[in-house]
Structures are given as structure tokens and as C-alpha cells.
1. Return the Rg/Rh value of segment A:3-51, two decimal places, where both radii are evaluated on C-alpha atoms and Rh is the Kirkwood radius.
2. Roughly how crowded by other chains is peptide B:81-93, in terms of the mean Cβ count from those chains within 10 Å of each of its Cβ atoms?
3. Based on a Kirkwood Rh over C-alpha pairs, give the Stokes-Einstein translational diffusion coefficient of the protein assembly as shown at 4 °C and viscosity 1.567 mPa s in µm²/s.
4. If I model a spin label at residue A:19 and residue A:63 as a point 7 Å from the Cα along the Cα→Cβ vector, what separation in nanometres do I get?
5. If you count, for every residue in B:39-46, the Cβ atoms of partner chains within 10 Å of its Cβ, what is the mean?
6. So what is log10(I(q)/I(0)) for chain B at q = 0.09, 0.13, 0.15 1/Å, when the Debye sum runs over its Cα atoms only?
7. With a 10 Å Cβ neighbour count serving as the proxy for reagent exposure, in which order, fewest first, do A:82, A:11 appear?
8. Across peptide A:40-47, what mean number of C-beta atoms from other chains lies inside 10 Å of a residue's C-beta?
């Protein structure tokens, strides 16, 4: 019951900006968009999250469209270590909390 | 506190044996989650604890699976009578009530059933 769709794979040249799109057309008004990434054989790592406004931190920027139906994660200067699977997630409500429901993600390959 | 710790990192077991995994969350986090991840797939939610109470269980969690968090700190996940289909990475995560910063995941326990 993942609420997001992402391309299966993308490539980007080292040093360039990597732009990863995500569609979440059924998102509700108070639901956040989260991005995680998973490097081979490690647990998922939190990158960034947002509700309506664009967000930036030391890892990435998140651009959310005005209608909130899609977003883009931007890695401004991709390095080889950014090669990973990137997951765009909208949390799903459950008793007492909200859970992260992962889709298949986008496999991003940074090429030298 | 260095994050979410999971032990063991790898476990190989024979079909039919019981296995137990342990997760130590970040100390100030009262919420704890278990996920399972098979090759090429995203992590799938298994169960969730708030303090010591198990509040949500996925239908993926068959009768052979049981999770506990007896004192609201560490948690264990036991699989009885393991089957080859149980081979997967088992991930634990924790979070704090009221935080919007998502979960912090451990590095997982990779189970291989032979």
C-alpha cells in the first residue's frame, strides 16, 4: 500500500546534480513526504522530509510542487558514494503512530 | 549512544530451527519497529511497539513469529521452525513520540535458512 511511484533506476555523472522524481498524487493535506536511501547491505538512512515548503539540509534539497502531488529530491553535487536505492515515502497512519511504507525505490548509479 | 544496534549481523540456520534477533534502539526513543527486506524489494513493515506495548502487527507476521519488548527498551524477534522463505534482512528502527524526523534504522540482521 505504498502511496508513491518512482522510476526504477537512474544514472548521473559524478559532480553533477542528481534529480530524483516522485509522484504522490493521493497524498493528504497533513501527510509528510520522506526520503531515505539505502546503500548495499546497510539499513535505510534518513535524508530529508517536508510538508509543503521546499527544504534543504546538508545532504539534499527537497522540492515539493504547489499541489503536493509530486516532489523531487536533489543531490547537488553527486559523488560515487551517493550510489544507492532512494525511497520516497508518505507515512501511513496506524494505531498511536505512523508507519513508513516503502515502495521499490529508485536505484541511482553515479558514474565517474 | 551510537544509534540502533542489531545483533547478530548475520545468522545461518537450518530449516526447522528457532532463531532470535535482538535490537537495541536509541535510548530516548520510545517507539520501535521491525521490518523485513528480501532481495530487490523495499523493507516491509512487520510490527511496532510503543514502550512495551505491541500496538500493530502486519499480516506478514505469521504465528511462527513473535516479538517482545519487555521493559520498553531492547526488543527481540523470534522465528520458530524457520523455513527457507524466512531468509531475509530483518531491520529494526526506532523513533521518538512527536518527532517528525522519521525513523533511525539499524544495520539489520541477515538471516539465511539452509
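1. Rg/Rh: 1.00.
2. Values: counts 0, 0, 0, 0, 0, 0, 0, 0, 3, 0, 4, 1, 5.
Mean shielding count: 1.
3. Reported coefficient: 71 µm²/s.
4. 0.5 nm
5. Numbers: counts 0, 3, 4, 13, 9, 2, 7, 0.
Taking the mean over all residues of the peptide, I get 5.
6. Calculated log10 I(q)/I(0) at the listed q: -0.21, -0.44, -0.59.
7. Numbers: A:82 19, A:11 11.
In increasing order of surrounding Cβ atoms, one gets A:11, A:82.
8. Per residue, the number of nearby Cβ atoms from other chains is 6 on average.
Bear in mind that the values in this text are calculations on the coordinates, not laboratory data. Note that the structure is predicted; figures quoted are calculated from it, not measured. For neighbour counting, all protein chains shown are included, and Cβ atoms are generated from backbone atoms with ideal geometry for every residue, glycine included.
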